[in-house]
Amino acid sequence: MGYKVVVAGATGNVGREMLNILAEREFPVDEIAALASRKSLGTEVSFGERTLKTQDLDTFDFTGWDIALFAVGSGPTKEYAPKAAAAGCIVIDNSSLYRYDPDVPLVVPECNPEAVLGYAKKNIIANPNCSTAQMVVALKPLHDRARIKRVVVSTYQSVSGAGKEGIDELWDQTKSIYNPTQDYDPKKFTKQIAFNVIPHIDVFMEDGSTKEEWKMVAETKKIVDPKIKVTATCVRVPVFVGHSEAINIEFEDFLDEDEARDILREAPGCMVIDKREDGGYVTPIECVGDFATFISRIRQDSTIDNGLNIWVVSDNLRKGAALNAVQIAETLGNRVLKKG
Ligand code: 2RA
């Protein structure tokens with residue numbers, strides 16, 4: 001016997017990946033419902049070999065369904081997640097709405113799988129932001145060995161993190177640059193993204209940081225350790241899929257770069273590609289469609305006592321969103337629901 005699974009937001013980039021990954025990982029599904037907002041209603045989506053017709057999120061009855069993967073953004077989540085949860089369906093939510101709620105666990109299964117047990121207070125589990133998810137997969141095993149004091153991270157985030165409109169804007173703007181009769185002003189992003197980089201993701205906070213940067217701080221503390229200090233600069237780059245991060249880590253104890261490489265080679269979810277030669281590292285285009293978080297450029301930072309630099313790349317629609325949500329469902333299945 002398997003699970004009755006709902007995917008809400010099934011026509012979006014992340015919702016489609018959720019369906020792909022449930023099928024690829026052979027999640028034990030007895031019944032599946034693909035939900036969409038009224039404007040995308042009837043759109044067909046793929047689930048393995050099957051084609052599903054989307055149903056209306058607004059009128060769907062969640063009673064009797066086990067797990068709902070939500071990828072609909074904070075507004076609709078606020079309306080529909082409590083409805084699903086009250087009907088007894090456990091919600092795994094990809095929006096930021098519940099991430100900082102003390103009664104809702106924020107889970108990256110490679111880091112804090114035991115936290116899923118906290119789902120019962122609200123029947124909701126939160127999925128972290130994409131830039132945090134891939135970073136903590138690499139940080140946790142290093143923290144377990146040498147205790148991280150401080151992290152300085154710069155991100156290089158692909159346009160798919162901003163949804164389909166972000167992808168379309170990069171594509172159309174790039175074409176318009178080769179065709180001067182075609183004007184293409186920024187709409188989704190604040191400045192031209194084609195052949196450019198923009199040091200601004202999400203809204204500005206009072207202290208001058210952006211919400212994306214704040215999320216990396218708050219979520220790392222909730223998932224790994226509240227004592228870790230994080231400072232982040234988040235940057236949008238003209239890449240379609242795959243976020244990259246240059247991470248500088250300061251530890252309590254000395255950690256040799258070779259030992260760090262060995263630890264990361266064994267760590268769950270990590271794939272080390274680290275040859276000190278031309279091309280001996282991973283770039284975002286190579287991680288698309290993969291499950292792993294790739295780690296390259298592992299090297300000592302000799303400007304501080306216990307410092308290390310790493311380069312971390314992952315598919316933001318997968319580990320940063322849909323894959324992590326499906327892994328939470330798997331963890332919930334193995335540790336709590338025990339069907340399948
Ligand atoms: C981005 N963090 O890349 C977002 C998506 N969750 O814009």
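Restricting attention to the stretch 64-77, and to residues there that are of a type outside the set (A, V, I, L, M, F, W, C) and part of a loop (DSSP other than H, G, I, E, B), which single residue is surrounded by the fewest Cβ atoms within 10 Å (Cβ to Cβ)? The qualifying residue surrounded by the fewest Cβ atoms within 10 Å (Cβ to Cβ) is 64. When each of 190, 231, 220 is tested for being hydroxyl-bearing (Ser, Thr, Tyr) and under 18 Å from the mean Cα position of the chain (by Cα), the lone residue that passes is 220. If the condition is being free of Cβ contacts under 8 Å to residues at least 24 places away in the same chain, away from the ligand (no atom under 15 Å from the Cβ) and touching a Leu at 6+ places or on another chain (Cβ under 9 Å), then the stretch 59-74 contributes no residue at all. Scan the stretch 124-132 and tell me whether some residue there is within 23 Å of residue 323 (Cβ to Cβ) and surrounded by fewer than 24 Cβ atoms within 10 Å (Cβ to Cβ). Within the stretch 124-132 (the criterion being within 23 Å of residue 323 (Cβ to Cβ) and surrounded by fewer than 24 Cβ atoms within 10 Å (Cβ to Cβ)), the answer is no, since none of the residues qualifies. For the stretch 116-139, a tally of residues being in contact (Cβ under 8 Å) with a residue 60 or more places away in the chain and either in contact with a strand residue (DSSP E or B) (Cβ under 9 Å, 6 or more places away or on another chain) or within 16 Å of the ligand (Cβ to nearest atom) (or both) returns 16.
Here the stretch 5-23 is the region considered, the condition is being out of contact with any helix residue (DSSP H, G or I) (no Cβ under 6 Å at 6 or more places or on another chain) and outside any helix (DSSP H, G or I), and the residue that is nearest to residue 333 (Cα to Cα) is 5.
Matching residues to (1) surrounded by 14 or more Cβ atoms within 10 Å (Cβ to Cβ); (2) free of Cβ contacts under 8 Å to residues at least 40 places away in the same chain; (3) under 30 Å from residue 253 (Cα atoms):
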| site | (1), (2), (3) |
| --- | --- |
| 154 | yes, no, yes |
| 160 | yes, no, no |
| 175 | no, yes, no |
| 185 | no, yes, no |
| 214 | yes, yes, yes |
| 231 | yes, no, yes |
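Answer yes or no: is there a residue in the stretch 268-277 that is within 16 Å of the ligand (Cβ to nearest atom), closer than 23 Å to residue 158 by Cα, among the acidic types (Asp, Glu) and surrounded by 15 or more Cβ atoms within 10 Å (Cβ to Cβ). No, the stretch 268-277 contains no residue that is within 16 Å of the ligand (Cβ to nearest atom), closer than 23 Å to residue 158 by Cα, among the acidic types (Asp, Glu) and surrounded by 15 or more Cβ atoms within 10 Å (Cβ to Cβ). Residues considered: 207, 225, 183. Of these, the only one that is closer than 26 Å to residue 240 by Cβ and charged (D, E, K, R) is 183.
Based on this model, can you work out whether residue 310 counts as in contact with a Lys or Arg (Cβ under 6 Å, 6 or more places away or on another chain) and either among the hydrophobic types (A, V, I, L, M, F, W, C) or loosely packed, with under 13 Cβ neighbours inside 10 Å (or both)? Answer is no for this residue. If you go through the stretch 143-201 and keep only what is within 16 Å of the ligand (Cβ to nearest atom), outside any helix (DSSP H, G or I) and of a type in the set (Gly, Ala, Ser), you end up with 154, 158, 163. A single member of 235, 241 is within 16 Å of the ligand (Cβ to nearest atom), closer than 21 Å to residue 199 by Cβ and not in a strand (DSSP E or B), and it is 241. Taking the condition out of contact with any Gly (no Cβ under 7 Å at 6 or more places or on another chain) and either at pLDDT 95 or above or more than 15 Å from residue 257 (Cβ to Cβ) (or both), does residue 288 pass? For residue 288, the condition - out of contact with any Gly (no Cβ under 7 Å at 6 or more places or on another chain) and either at pLDDT 95 or above or more than 15 Å from residue 257 (Cβ to Cβ) (or both) - is not met. Condition first: within 16 Å of the ligand (Cβ to nearest atom) and buried (at least 24 other Cβ atoms within 10 Å of the Cβ). Now tell me which residues in the stretch 78-97 satisfy that. Within the stretch 78-97, 92, 93, 94 qualify.
Among residues belonging to the stretch 10-63 that are of a type in the set (Ser, Thr, Tyr) and touching a strand residue (DSSP E or B) at 6+ places or on another chain (Cβ under 7 Å), point out the one that is surrounded by the fewest Cβ atoms within 10 Å (Cβ to Cβ). That would be 51.
The values are calculated or read from the model by the stated rules, or taken from the named source; none is laboratory data. What you are looking at is a predicted structure, and each value in this text was computed from that prediction instead of being measured. Quick reminder, even Gly has a Cβ in these numbers, built from the backbone with ideal geometry, and neighbours come from all protein chains shown.
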